[in-house]
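To start, the structure itself, in structure tokens.
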Amino acid sequence: MYIRNLSIKNFKSFKNFSNVKFLYPEISSGRLKNSFDKEKVKYDNINVILGNNSTGKTAFLKAIALSTLGPAVTDLKDTIRPFMWVRRPLNKNEHFSHIDAYFESNPQDEAPFEHIESSIRLEVVEKFKDKISWDHPQRKQWHPSLGSNPAAAFIVGYGASRTVELPEKFDPIARKGGRYIRINRVRSLFEETYQLIPLDAWLPKMKTDNPGRYIQILGLLAKITGDDHFKLTEQLEDDQYIFEKDGSKIPFNALSDGYRAFLGWVGDLLFHIEQTCPSGKKLVDNQGIVLIDEIDLHLHPEWQMKILPLLAEALPNIQFFVTTHSPLVVGSIEWQNIIYLKTDNNLISKPVREKRNTYGLDSDQILVSELFGLKTTRNNSVADEIRILSFKASNGDSGAREKLMELMTKGKAI
């Protein structure tokens, strides 16, 4: 299942917008057509949400997650508490919010309909608490996702706080089944303390139980991490995988915070892909939606430049939604991939897509564009000094010209 468009009313920082279209993978059968098929997009499975702090980037991901749960969203009352999701301050005539979405099904959903709709309603019940309910007359189209088919309406979501559970505390029975399995796959978006599934708690068993898929997982892990990074050695010491780079071997828990955070959610994602991939199907062909808040978190700049192309190419049939504050991430994609959250004077956010090239621009060019809104990438006092020297140099002051050149090329001591 892929989400095609989204409409929101009175949810968090969003007052009212309708039919924001998304990119999703094109299927060779021709059954699914990309929303932007008039213009070819290199990475047609990548959607990047940009905006300043408090514009609603995380809320946007949560809205997608809620809509993709379908009628199962009513189970949230037993797991995730809706806390001030309806936009405050309240309008005296509107104490509710709506999230409406339109989906395209794919074969693994086993859905009786090609197009599937979702409508979620939130109502204020107390000062800070809301009630969530399913608000669409049709439930039949969602029956496969509510039944025993784990591949139907596949979605996984990751919040900015991505911690991994200790292998000795991991309960595979609880993670692989149960009434709330689909909610648990997006729970990290809603609960900072929710822990991800450790790679060394499930992958070693795959080597003997399903060698074919084990090899596929190793291949996907290598593709997603890319070159010049620590590689999985398949060796275990004290029940921890050993990673190697340039001859140095390090157990998972001894890796840097950045590596552990990245490998943590990637390992969790590969677990869910393997668990939901239909029998006889390659893991790379699994279809669904993945949401990642702050994709650039802990990543070195060089890795930030590569992460979206790596994900898009390793998992071409997954529809990705990510948020970021990194101009390096933005410079790796095209304008069609970007949804920018604009705010007005009332702090109301609205998603827009502007036809403005970003692919190939350097960080400074992107940071001073409307997407980030900086006036300069230099320190303010240095920028003021450059303006003064520039004015003097333009009026023939040769000394100012020399100082200007030195300041712009070498910087200055504090």
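A simple count of charges around GLU294, restricted to other residues whose Cβ falls under 11 Å of its Cβ and scoring Lys, Arg +1 and Asp, Glu -1, yields 0. As a calculated quantity, the FRET efficiency between ILE181 and MET408 at R0 = 51 Å, using C-beta atoms, amounts to about 0.35.
The angle separating the long axis of helix 257-276 from the principal Cα axis of greatest extent in the chain is about 30 degrees. Packing, taken as the mean count of other beta carbons within 10 Å per residue, orders the peptides 355-362, 228-235, 297-304, 193-200 from highest to lowest as 193-200, 297-304, 228-235, 355-362.
Given a 1.4 Å probe, how much area per residue of the stretch 153-234 is accessible, in Å²?
Working: 3860 Å² over 82 residues.
Roughly 47 Å² per residue, with all protein chains present.
Taking amide H atoms as placed 1.01 Å from N in the peptide plane, the amide H of THR358 lies under 5 Å from those of TRP335, each 5 or more residues away in sequence or on another chain.
In summary, the lysines within cross-link reach of LYS249, defined as a Cα separation below 23 angstrom excluding same-chain residues under 8 places away, comprise LYS205, LYS207, LYS223, LYS231. Rounded to the nearest 10 degrees, what's the angle between the helix 211-225 long axis and the longest principal axis of the chain, both from Cα atoms, 0 to 90? Approximately 20 degrees, to the nearest ten.
Given axes a ≥ b ≥ c from the Cα gyration tensor, I'd like to know whether the stretch 113-162 is rounded (a/c under 1.5), prolate (a/b larger than b/c) or oblate. Oblate, since a/c reaches 1.5 and b/c is not below a/b.
Among rounded, prolate and oblate, which fits the stretch 297-383 when a ≥ b ≥ c are the square roots of the eigenvalues of its C-alpha gyration tensor, a/c under 1.5 means rounded, and a/b larger than b/c means prolate? Note, shape of the stretch 297-383 comes out oblate. A straight Cα-to-Cα reach below 16 Å connects LYS129 with the lysines LYS12, LYS77, residues fewer than 8 places away in its own chain not being considered. Amide hydrogen proximity for THR163: with H placed 1.01 Å from N in the peptide plane, the residues at 5 or more positions away or on another chain lying under 5 Å are LEU196. Probing with 1.4 Å while keeping every protein chain in the model, the per residue accessible area of the stretch 256-414 equals 50 Å².
Counting DSSP beta bridges with both partners in the chain, what percentage is antiparallel, nearest 5?
If we restrict to bridges inside the chain, about 70 percent are antiparallel.
A Förster radius of 35 Å, combined with the Cβ-Cβ distance separating PHE128 from ARG356, puts the computed FRET efficiency at roughly 0.35. If I compute Rg/Rh (Cα atoms, Kirkwood Rh) from the structure I just sent, which labelled value in (1) 1.01; (2) 0.93; (3) 1.12 lines up? Only one listed value fits the structure, namely (1). Apply the a/c threshold of 1.5 to the C-alpha gyration tensor of the stretch 65-109 and tell me whether it is rounded, prolate or oblate. It is oblate, given that a/c is not under 1.5 and a/b is not larger than b/c. Here's how it looks for ILE292: its modeled amide H is under 5 Å from those of TYR158, PHE321, VAL322, THR323, which are all 5 or more places away or on a different chain.
Working from Cα positions, state the angle (0 to 90°, nearest 10) between the long axis of helix 398-410 and the longest principal axis of the chain. That works out to roughly 20 degrees. Each DSSP beta bridge with both residues in the stretch 236-319 is either parallel or antiparallel, and the antiparallel ones are about 75%.
The values are calculated or read from the model by the stated rules, or taken from the named source; none is laboratory data. Treat the numbers as computed from the prediction; the structure is a model and nothing was measured. Methodologically, a virtual Cβ is constructed for each residue, glycine included, from the backbone with ideal geometry; neighbour enumeration extends over all protein chains shown. What goes into the accessible areas is simple: the full protein's heavy atoms, side chains included, and nothing from ligands, DNA or RNA. Shrake-Rupley method; radii C 1.70, N 1.55, O 1.52, S 1.80 Å.
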